[in-house]
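Working notes, structure below.
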Amino acid sequence: MEKGKRRGGSSSSGPQAVARKRDQFPSRAKDYELLEPVGDGATAVVRRARCLPLGGEVIAVKIMNMSQRSEDDVNHASEEVKMMSTIDHDNLLGAYCSFTEGETLWIIMPYMAGGSCFHLMKSSYPKGFDEKFIAFVLRETLEGLAYLHRYALVHRDVKAGNILLDQHKGVKLADFGASASLYDPMINRHGKRKTLVGTPCWMAPEVMEQKEYDAKADIWSFGITALELAHGHAPFSTQPPAKVFLLTLQHAPPSLHNTKDKKFSKSFKQMIATCLMKDPSKRPTAQHLLELPFFKKVKFEDNVLKSVLNKLPSLGDRMQSIQENEAKLQAEKKPLDKCKEKASQDEYMRGVSEWNFDIEELKAQAALYPDENDGGEDEYLRFLFELDTICESAPIHDVQSRDYSKNENEKKGRFKVTVEGAEVEKLEVATPREKELLERIASLERIDKRSNVMPTATVAKSKYNPS
Amino acid sequence: MKGLFKSKPRTPADVVRQTRELLIFLDLHSGSRGGDAKREEKMAELSKNIRELKSILYGNGESEPVTEACVQLTQEFFRENTLRLLIICLPKLNLETRKDATQVVANLQRQQVSSKIVASEYLEANKDLLDTLISGYENMDIALHYGSMLRECIRHQSIARYVLESDHMKKFFDYIQLPNFDIASDASATFKELLTRHKATVAEFLSKNYDWFFSEFNTRLLSSTNYITKRQAIKLLGDMLLDRSNSAVMMRYVSSKDNLMILMNLLRDSSKNIQIEAFHVFKLFAANKNKPTEVVNILVTNRSKLLRFFAGFKIDKEDEQFEADKEQVIKEISAL
């Protein structure tokens, strides 16, 4: 009902938005003609394709290779597909059908010609989008998120890379690879989960700390995504996962600041601030967010998407040019930077489903980034400047000391965070809250040393001796 | 009607009663084309009611469920045929309401009224509903909803036993291999649950139905051309045979030359995952202290090949148990 009300002028009225029924799509690989790749991840590739029996209708197919995957991963994939085939919302990317072909799993989905917001920024909007466009995209995303939350589903990987665009099909939140149902037996009796999943930069503090979390974790990620769309990258995006954890847990939440090129409205800044409350219970629900003035004022016109998507080359071409650019950049870079770039890129690609809290690996990655590293320093400091003073319960004092003009040593001491030996360097000023967090991280790492958080799939088989 | 409900808060039993009335209406007027507007209105009302049942049972995000309300709801739900109506009418509901209904039915399976699980008693008296749920795998539209309801129902031992002993068990060999991955994997999850959850019941089923069951299992699942089917089947076989409650069945399985041949072929499968799972079953043949002659003969005939194979058989991760098992197998085969 609420969908119909506002859909008149937007997505569903497009000429190509003929609703296809699931059973119209054949479940045989030979009925599809594969075209160019339009997205890839560590475990799957997404290609544009034509469905031959349906007159060559263009669709997207996600092809996952299962041969290298564990038993758990296979079960995971089947949960993802089941969820994709039982959702029915304009702002969520569902599946038409799925089937296996050899050792691969194929998921047939609507083709979103605009690609993801992440790729769009990489190819054409490196400094992020304007506020009007962001408001539209976020509002649509929020509608999808509100639907998921109504069914007690937590997406767990909200980020620009999972927001897909299409001139006719509108905005769709994709990739349920990490999502989980709060109703399933994995949860405790309070209906909250405790597994560590998410992509580090977008991960809510309570998820990092492995406290119980629920749909509010998505709201945090949504706030980070808003910053990502505004600036062209997520806060801390150049940092290795270990540092992202520490920065997120230790410091005041990131917030939106005007930049040289762009001014943002107060309502936008406030919306982000409410999403990025460290205390999940203080964050609004998706439904409540939709009531904020920032979203209420959004007009539904096709031309918001059109104006951005119209003049762009095709998705396949853009993907290729992104890859070429990256190859060129890689070639110019120093070896150390290459590693970093690769690590950060991998981290993004891996996304939630793949996230594995292997502390040794985190440390190895963190070691790639010497503290106060050479070239990255400016970038690093810029992020620190973006940190704002939105205080919740305890005031956090470290904000004032962030100043280029301050004594160099003091500044460094302030932010030097290492995970070596599960010890975090002593800070000059530490609030009780900070201390507590640092201790928590230290203990978290001790636990992780003993056992990986994400249990590996090997099921111990008892040695059974028949006699 | 709406005004009435606003003025007076309905009890959980009221919500169940009204849901039931609306379901009866929907059941009776399913085909009728006239009165479409009226039907639409009733459908909307029904969706609202089912959503309310869900929020009573699960809480609404802001408040936790209240035990007393859940008890009232459960009692009223099973006092009459609400579950039957809901299952029968499910295909007529919209997708969102189907999901709500599925979650309601799932939750009801765990609700206790004076320390008795009412749902279990109801299902025992209405076993034909399980037939309906299982046949859902033949209808793409409702397969996943019926499938998840079914998995909740077989949490009850008596209900799992009914399904195991029914002719439906044979149909699962088809459902598991349906071309649609989502439905096939749902059927496969149910199949696995049936064969692993209630140990004693499973052991009894496997002993009684040994011949046809393993014949189907070997020829259709372990020899399937579908990679995922084959992989999940060999894993399930290992889980079943390695369970102590199934030791009699396991002894029978590892005494067969035909079974051994199938497992030895799986050891040579192109997929490492399948090889490893096959090894966990193969080791039982080797470790058997009373190997029948035909099994010994095959092992002896292939001894050098097997030993060469195991010399190069490694897994990526370090696994002490695996290495110890492999050593044991090598020792057994060498000593034959």
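The values are calculated or read from the model by the stated rules, or taken from the named source; none is laboratory data. Only a predicted model underlies this, so the values are computations on that prediction, with no experimental measurement involved. Don't worry about glycine lacking a Cβ; one is built from the backbone with ideal geometry, like all the others, and counts go over all protein chains shown. Side chains included, ligands, DNA and RNA excluded: accessible areas come from the protein's heavy atoms. Shrake-Rupley method; radii C 1.70, N 1.55, O 1.52, S 1.80 Å.
Rundown of residues vs (1) assigned by the TED database to the domain that holds A:Leu305; (2) among the β-branched types (Val, Ile, Thr); (3) under 24 Å from B:Ser271 (Cβ atoms), yes/no style:
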| residue | (1), (2), (3) |
| --- | --- |
| A:Ala44 | no, no, yes |
| A:Ala49 | no, no, no |
| A:Gly55 | no, no, no |
| A:Val61 | no, yes, yes |
| A:Arg69 | no, no, yes |
| A:Asp73 | no, no, yes |
| A:Gly94 | no, no, no |
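For the list (1) at pLDDT 95 or above; (2) of a type in the set (Val, Ile, Thr); (3) surrounded by 20 or more Cβ atoms within 10 Å (Cβ to Cβ), I need the number of the one condition that B:Thr97 fails. Here B:Thr97 clears every test but (1). Checked against (1) more than 14 Å from every other protein chain (Cβ to nearest Cβ); (2) closer than 30 Å to A:Phe99 by Cβ; (3) in contact with a Phe, Trp or Tyr (Cβ under 9 Å, 6 or more places away or on another chain); (4) surrounded by 15 or more Cβ atoms within 10 Å (Cβ to Cβ), B:Leu299 passes all but condition (2). The sole residue among B:Ala44, B:Ala106, B:Ala37 that is exposed (fewer than 15 other Cβ atoms within 10 Å of the Cβ), within 10 Å of chain A (Cβ to nearest Cβ) and free of Cβ contacts under 8 Å to residues at least 60 places away in the same chain is B:Ala44.
If only residues of the range B:79-124 that are touching a Phe, Trp or Tyr at 6+ places or on another chain (Cβ under 9 Å) and hydroxyl-bearing (Ser, Thr, Tyr) are counted, the one that is farthest from B:Lys54 (Cα to Cα) is B:Tyr122.
Among the residues making up the range B:125-164, those that are farther than 13 Å from B:Thr190 by Cβ and outside any helix (DSSP H, G or I) are B:Asn126, B:Lys127, B:Asn139, B:Met140, B:Asp141, B:Ile142, B:His156. B:Arg84: at pLDDT 95 or above, surrounded by 13 or more Cβ atoms within 10 Å (Cβ to Cβ) and basic (Lys, Arg), yes or no? It is true that B:Arg84 is at pLDDT 95 or above, surrounded by 13 or more Cβ atoms within 10 Å (Cβ to Cβ) and basic (Lys, Arg).
Scanning the range A:26-71 for residues that are among the charged types (D, E, K, R) and closer than 17 Å to B:Phe181 by Cβ yields A:Arg28, A:Lys30, A:Asp31, A:Lys62, A:Arg69, A:Glu71.
Which members of the range B:197-208 meet the condition of being in a helix (DSSP H, G or I) and open to solvent by 40 Å² or more (accessible area, probe 1.4 Å)?
Our first condition is that a residue be in a helix (DSSP H, G or I); within the range B:197-208, this holds for B:199-208.
Hits for the range B:197-208 are B:Lys199, B:Ala200, B:Glu204, B:Ser207, B:Lys208.
Filtering the range A:201-214 to residues that are crowded, with 24+ Cβ neighbours inside 10 Å and either not assigned by the TED database to the domain that holds A:Lys263 or not in a helix (DSSP H, G or I) (or both) leaves A:Met203, A:Ala204, A:Tyr213. Taken over the range A:34-63, the residue count meeting the criterion of being closer than 21 Å to A:Ser78 by Cβ, modelled with pLDDT of 90 or more and of a type in the set (A, V, I, L, M) is 4.
Here's the yes/no breakdown for (1) within 20 Å of A:Val137 (Cα to Cα); (2) more than 14 Å from every other protein chain (Cβ to nearest Cβ); (3) part of a loop (DSSP other than H, G, I, E, B):
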{"position": "A:Ala230", "(1), (2), (3)": "yes, yes, no"}
{"position": "A:His233", "(1), (2), (3)": "yes, yes, yes"}
{"position": "A:Thr238", "(1), (2), (3)": "no, yes, yes"}
{"position": "A:Leu246", "(1), (2), (3)": "no, yes, no"}
{"position": "A:Leu249", "(1), (2), (3)": "no, yes, no"}
{"position": "A:Asp261", "(1), (2), (3)": "no, yes, yes"}
{"position": "A:Ser281", "(1), (2), (3)": "no, no, no"}
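Annotation note: of A:Leu138, A:Leu164, the sole residue that is touching a Ser or Thr at 6+ places or on another chain (Cβ under 6 Å) and either modelled with pLDDT of 90 or more or within 14 Å of another protein chain (Cβ to nearest Cβ) (or both) is A:Leu164. The test for being open to solvent by less than 20 Å² (accessible area, probe 1.4 Å) and more than 21 Å from A:Asp72 (Cβ to Cβ) does not hold for B:Ile262. Restricted to the range A:194-208, and to residues there that are at negative phi and at pLDDT below 75, the residue that is farthest from the other protein chains (Cβ to nearest Cβ) is A:Thr199. Within the range B:34-51, the set of residues being closer than 27 Å to B:Lys127 by Cα and either at pLDDT 95 or above or over 27 Å from the mean Cα position of the chain (by Cα) (or both) comprises B:Leu46, B:Ser47, B:Asn49, B:Ile50. Taken over the range A:104-120, the criterion of being open to solvent by 10 Å² or more (accessible area, probe 1.4 Å) and under 30 Å from B:Ser271 (Cβ atoms) is satisfied by A:Thr104, A:Trp106, A:Met109. For the range B:308-327, filtering for residues that are free of Cβ contacts under 8 Å to residues at least 40 places away in the same chain, within 18 Å of B:Met261 (Cα to Cα) and open to solvent by 50 Å² or more (accessible area, probe 1.4 Å) leaves 1. Tell me, please, whether a residue that is crowded, with 21+ Cβ neighbours inside 10 Å, part of a loop (DSSP other than H, G, I, E, B) and in contact with a helix residue (DSSP H, G or I) (Cβ under 6 Å, 6 or more places away or on another chain) can be found in the range A:29-47. No, the range A:29-47 has no match at all.
Is there any pair with a first residue in the range B:226-239 that is more than 7 Å from every other protein chain (Cβ to nearest Cβ) and a second that is among the basic types (Lys, Arg) whose Cβ atoms are under 6 Å apart and which are 6 or more apart or on different chains, and what are they? As it stands, the answer is B:Leu236/B:Lys192, since those pairs meet every condition given.
Filter the range A:88-103 for residues that are more than 8 Å from chain B (Cβ to nearest Cβ) and either closer than 24 Å to B:Leu93 by Cα or open to solvent by less than 30 Å² (accessible area, probe 1.4 Å) (or both) and give the result.
A:His89, A:Asp90, A:Asn91, A:Leu92, A:Leu93, A:Gly94, A:Tyr96 - these are the residues of the range A:88-103 that are more than 8 Å from chain B (Cβ to nearest Cβ) and either closer than 24 Å to B:Leu93 by Cα or open to solvent by less than 30 Å² (accessible area, probe 1.4 Å) (or both).
Right, A:Gly191: of a type outside the set (D, E, K, R), over 14 Å from the mean Cα position of the chain (by Cα) and either surrounded by fewer than 23 Cβ atoms within 10 Å (Cβ to Cβ) or at pLDDT below 80 (or both) or not? Considered against the rule, which asks whether it is of a type outside the set (D, E, K, R), over 14 Å from the mean Cα position of the chain (by Cα) and either surrounded by fewer than 23 Cβ atoms within 10 Å (Cβ to Cβ) or at pLDDT below 80 (or both), A:Gly191 comes out as yes.
Mind checking whether some residue in the range A:259-281 is out of contact with any Ser or Thr (no Cβ under 9 Å at 6 or more places or on another chain), closer than 30 Å to A:Tyr111 by Cβ and open to solvent by less than 80 Å² (accessible area, probe 1.4 Å)? Checked the range A:259-281: no residue is out of contact with any Ser or Thr (no Cβ under 9 Å at 6 or more places or on another chain), closer than 30 Å to A:Tyr111 by Cβ and open to solvent by less than 80 Å² (accessible area, probe 1.4 Å).
Search the range A:51-66 for residues being open to solvent by less than 20 Å² (accessible area, probe 1.4 Å) and not in a strand (DSSP E or B), and hand back the single one that is nearest to the other protein chains (Cβ to nearest Cβ). Step by step, filter the range A:51-66, then rank; the result is A:Met66. Considering only residues in the range B:279-295 that are within 12 Å of chain A (Cβ to nearest Cβ) and either of a type in the set (D, E, K, R) or not in a helix (DSSP H, G or I) (or both), the one that is surrounded by the fewest Cβ atoms within 10 Å (Cβ to Cβ) turns out to be B:Lys289. Residues in the range B:152-177 that are within 14 Å of chain A (Cβ to nearest Cβ) and open to solvent by 50 Å² or more (accessible area, probe 1.4 Å): B:Arg155, B:Gln177.
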